[in-house]
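**Student:** Let me begin by handing over the structure; questions about it come next.
The values are calculated or read from the model by the stated rules, or taken from the named source; none is laboratory data. None of these values were measured; they are calculated from a predicted model. Counting neighbours? That spans all protein chains shown, and the Cβs are built from the backbone with ideal geometry, glycine included. Remember, those area values only see protein heavy atoms, side chains included, never the ligands or the DNA or RNA. Shrake-Rupley method; radii C 1.70, N 1.55, O 1.52, S 1.80 Å.
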Amino acid sequence: MVRGVPCLLQAGVLLLALAGGICRAQSKTFKCSIINEAGFCFIENVHLDVTVNGIGGESGGDARVHFPRHPTLLIKSGAIPYFGKDIFALLGNTKQLHVYNQTSIRNLFIPVTNLTEINVQRNGLYEFDVEPVENRELKVLSIVHNGLVTVPRNIRFLVGLEKLYLYNNSLEYFDLEVLGNATGTLKILSIYDNHIKTLDSRAALQFPKLQTLSLSKNKLAFVPYFEESFPAVTVVSLRKNPWNCGWLHTVMQYIEARKIQVVRKDASCRDRWISEICCTYTVLDFMFDRQAAQLHREQQLMRNVSHENQRLVEKVHRLADDVHRLQLQLEQQQQLQFAQSSTDGKESSDARTDHDV
């Protein structure tokens, strides 16, 4: 029995050491590895998992995890499988959050916070969502070079959004209606380099402050209500889309008339191009061109008929003038003849009077 006591003590000490190690492992204080000239606080090796270390959750957060009190944080590497309320609650008064390249994120949930900018890129992220509470603080949302396949409808709660970057993802459908609450603030919409086949909209939906619209490298054939939806746009990218030629022809006339800048045009085309942007000539385009040609012929015929009618009208007017002149001449001749007849009659009467005398 006595000999067994040291073994039990050693086991107890080992358990206490392990428990202490676990506690120390859960206690994390992250520091800036560097602060660059732009004021970015770089943080490396951030590994946080709410399912393992118990931070946040229903307990309302874990005080043993601390981030630097800095306005701009850049998490450079690590793994945060679920980046949600519990993680955001640890950021204190940070205004700008950047999560780059080697930081793995599976799911992102954006709550209402003091953040004005969230920039997440190259993280293997496939989905995100937004807390269904009106958020006026967040101005810039950038989720790029990831694997997003859908845009959550709750993004409509970002009512103060000014810049939305979702380029280099795997989106196939984008409904502008989800940005309907940000129509008065949105200035930049960048959704290039996706797989978008349909960009949905409606007639009354307008973005009066949108200045930059990036649509390149998608699978779009047309954009409904383009002229009506983006009245203030000054810069647009369109290249590498299978645009409908009829639609593109109409839109490029509008773009050129408004002197809108088209950035990075197509270098070459397999089918046709209009103003250095490629388009696909389809059966619809053939029918459109055929109808347009028929309309042109009818318009030309109408112009010819109108011109001929004008010539006839002018000729009738000239004939009427000639008739009027002839009538005047005839009246003058009749008046002269009447005056001559009157003079001759008077002279004959005078001659008879003299003869009688």
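**Student:** Taking the solvent-accessible surface of protein heavy atoms with a 1.4 Å probe, what is the per residue accessible area of the stretch 283-328 in Å²?
**Tutor:** About 92 Å² of surface per residue is accessible.
**Student:** Mind checking the full-extension length gain between Tyr225 and Ala257? Use 0.36 nm per residue of separation minus the Cα-Cα distance, one decimal, nm.
**Tutor:** 9.8 nm
**Student:** How much length is gained if the chain between Glu177 and Lys265 is pulled fully straight, taking 0.36 nm per residue apart and subtracting their Cα-Cα distance, in nm to one decimal?
**Tutor:** 28.9 nm
**Student:** Starting from 0 in steps of 5 Å, tell me what percent of the Cα-Cα pairs of the stretch 28-282 lands in each bin.
**Tutor:** Spelled out bin by bin, the stretch 28-282 gives 1, 6, 12, 16, 17, 14, 11, 9, 6, 4, 2, 1, 0 percent.
**Student:** Set the Förster distance to 56 Å, then compute FRET efficiency between Arg297 and Glu137 from the Cβ-Cβ distance, nearest 0.05.
**Tutor:** Using R0 = 56 Å, I get an efficiency of 0.40.
**Student:** Considering only protein heavy atoms, what is the solvent-accessible area of Glu127 at a probe of 1.4 Å, reported in Å² to the nearest 10?
**Tutor:** 100 Å²
**Student:** Please list Arg239, Arg325 in order of solvent-accessible area, largest first, computed with a 1.4 Å probe with all protein chains present. Working shown, then result.
**Tutor:** Working: Arg239 30, Arg325 120 Å².
Reading off the accessible areas and sorting them downward yields Arg325, Arg239.
**Student:** Could you sort Cys269, Cys41 by accessible area so the largest value comes first, with the probe set to 1.4 Å?
**Tutor:** Solvent-accessible surface, decreasing: Cys269, Cys41.
**Student:** Shifting gears a bit: Using modelled backbone amide H atoms (1.01 Å from N, in-plane), which distant-in-sequence or interchain residues come within less than 5 Å of Thr198's amide H?
**Tutor:** Distant-sequence amide H within range of Thr198: Phe174.
**Student:** Taking R0 as 51 Å, what FRET efficiency do you get between Arg290 and Arg106 from their Cβ-Cβ distance, rounded to the nearest 0.05?
**Tutor:** Efficiency computed from Cβ-Cβ geometry: 0.45.
**Student:** What figure in square angstrom, to the nearest 10, would you give for the accessible area of Arg272 with a 1.4 Å probe?
**Tutor:** The accessible area comes out at roughly 110 Å².
**Student:** With every protein chain kept in the model, how would you rank Val236, Val50 by accessible area, 1.4 Å probe, largest at the top?
**Tutor:** Per-residue accessible area, sorted high to low, gives Val50, Val236.
**Student:** How much solvent-accessible surface does Asp49 expose, in Å² to the nearest 10, with a 1.4 Å probe and all protein chains in place?
**Tutor:** 40 Å²
**Student:** Give me the extension gain from His66 to Ala320: residue separation times 0.36 nm, minus the current Cα-Cα distance, reported in nm with one decimal.
**Tutor:** Length gained, His66 through Ala320: 81.4 nm.
**Student:** Measure off, as a whole percent, the carbon and sulfur share of the 1.4 Å-probe accessible area of the stretch 195-350, all protein chains present.
**Tutor:** 54 percent
**Student:** At 1.4 Å probe radius, can you tell me the per residue accessible area of the stretch 28-282 in Å²?
**Tutor:** That works out to 47 Å² for each residue.
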